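These notes concern the structure reproduced below.
Readers should treat all values here as calculations from the given coordinates under stated rules, not as data from a laboratory. Just so it is clear, the structure is predicted and the values come from calculations on it, not from any experiment. Ideal geometry is used to build each Cβ from the backbone, glycine not excepted, and the neighbour counts take in all protein chains shown.
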Amino acid sequence: QEYTALKLKVKEWSDSAKKILQGKLPDGANAYFIPATLRPETMYGQTCCFVGPTIEYGVFKVSETEYYVCSPRAARNMSFQPGTFPEWGVFPQVATFKGKDVIGTIINAPLSIHTAGVRILPMETVKDTKGTAVVTCVPSDSPDDYATVLDLAKKAEYYGIKKEWVDFGKEDFGIIPIIETPSYGNLTAKFLVEELKIQSPKDTKKLEEAKEKAYKEGFYKGKMIYGEFTGKKVEDAKTLVRNQLIESGDAFAYAEPDGKVISRSG
Ligand code: ZZB
């Protein structure tokens with residue numbers, strides 16, 4: 001899997017993260033949450049970023065001024081790829097926390113319409129074994145994200161978050177149409193969640209089906225209706241947006257062996 005690893009710069013840590021990080025990051029250093037995505041062309045529609053509340057994350061030193069937040073497994077993989085850590089196979093971990101410790105942290109999401117920043121929020125279905133265990137949320141085009149966002153808003157108190165962190169106090173949840181498709185309109189995730197009657201993020205079987213459908217339709221038949229590449233086919237826009245993000249220093253390539261290959265070889 002060739003992911004695009006995005007750099008979401010921390011603007012303000014949550015209170016518990018501040019306590020954990022005290023004295024661990026030099027003054028003036030920047031920290032970045034690093035979600036891995038297969039759909040860089042959807043980054044305009046980011047409304048938050050997810051971590052698994054019980055998953056363990058590390059803060060890893062990339063240079064004197066740059067620190068990355070992701071799973072230790074992902075940091076290790078990165079250290080064996082060019083372009084992140086300076087020394088091959090070395091990924092210095094300066095702090096450790098659980099996803100729940102960073103809920104509410106404000107980060108800057110490159111290309112997102114939400115230029116004032118978005119929040120780190122919990123997603124119970126984040127897998128520790130895939131990508132970086134940080135997942136950027138695009139509720140217009142990812143059914144998992146749409147279902148999670150609805151659930152978070154409905155049960156904000158239970159999740160220990162503020163409803164405005166999820167919906168920006170807006171009826172449309174701050175979701176914008178980015179991609180037009182022939183069969184599902186311009187909010188593919190909402191369409192499929194409603195059509196398949198998905199009730200919660202725990203409807204994993206239906207969500208798997210929705211994801212597959214969304215991916216096929218959005219990626220192969222979709223057309224961009226937002227951003228610099230408006231009018232282009234999604235297939236083409238993917239590379240254009242990815243290259244733009246990499247050139248601006250907001251992203252880097254992150255490869256991972258295919259899950260199927262791992263299971264075949266034991
Ligand atoms: C933004 C985005 C926008 C995504 C979209 C998808 C879609 P796959 O095919 O299963 O590899 N993801 C990444 N890492 C994790 C993780 N550790 N746990 C749970 N979800 C994760 O799926 C890759 C996608 O799953 C990634 O691309 C990421 O969400 C999420 F419009 O990033 B994506 C129809 C999908 N649409």
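Under a straight-distance cross-link criterion of Cα-Cα below 17 Å, which aspartates and glutamates are reachable from Lys7, leaving out those fewer than 8 residues away in the same chain?
Glu41, Glu64, Glu66, Glu247, Asp250
Between Lys211 and Asp15, take the C-beta separation as r, use R0 = 51 Å, and let me know the FRET efficiency to the nearest 0.05.
0.90
How much length is gained on full extension from Glu195 to Lys100, taking 0.36 nm per residue of separation minus their Cα-Cα distance?
Gain on extension, Glu195 to Lys100, equals 31.0 nm.
Scan around Asn186 for amide H atoms under 5 Å from its own, H built in the peptide plane at 1.01 Å from N, and keep only partners 5 or more places away or cross-chain.
Thr181
Principal axis extents for the chain, Cα atoms only, whole Å, descending order, please.
51, 41, 40
When the Karplus curve 6.51 cos²θ - 1.76 cosθ + 1.60 is applied with θ = phi - 60°, which whole-Hz ³J(HN,Hα) does each residue of region 164-172 get, with x for Gly and Pro?
Taking θ as phi minus 60°, the curve returns 4, 5, 8, 10, 6, x, 10, 5, 8 Hz for region 164-172.
In debye, nearest 20: dipole of the chain around its Cα centre with unit charges on the Cβ of K, R (+) and D, E (-)?
Value, rounded to 20: 420 debye.
Quick one: which residues, 5+ away or cross-chain, put their amide H under 5 Å from the amide H of Lys232? H built at 1.01 Å from N.
Residues meeting the amide H criterion: Met224.
List every residue whose amide H lies under 5 Å from the amide H of Cys48, counting only residues 5 or more places away in sequence or on a different chain, with H placed 1.01 Å from N in the peptide plane.
Counting only residues 5 or more places away or on other chains, the set is Cys137.
Going by average Cβ density within 10 Å per residue, which order do the peptides 49-59, 94-104 take, highest to lowest?
49-59, 94-104
Going highest first, how would you order 38-45, 233-240 by mean Cβ packing within 10 Å?
On the way: 38-45: 24.9, 233-240: 17.0.
Per-residue mean Cβ counts within 10 Å order the peptides as 38-45, 233-240.
Do any of Lys100/Lys155; Lys98/Lys127; Lys202/Lys238 go past 18 Å between their Cα atoms, and which?
Long pairs (Cα-Cα over 18 Å): Lys202/Lys238.
Arrange the following residues from fewest to most other Cβ atoms within 10 Å of their Cβ: Thr105, Thr230, Thr129.
Thr129, Thr230, Thr105
Which percent, nearest 5, of DSSP beta bridges in region 2-259 are antiparallel?
The antiparallel proportion sits near 80 percent.
For every helix of n ≥ 4 consecutive DSSP H residues, a contribution of -39,500 (n - 2.57) applies; sum these over the chain, divide by its total residues, and give [θ] at 222 nm rounded to the nearest 500 deg cm²/dmol. Could you put the intermediate results ahead of the total?
Numbers: 9 runs with 82 residues, N = 266.
Helix-only estimate at 222 nm: -8500 deg cm²/dmol.
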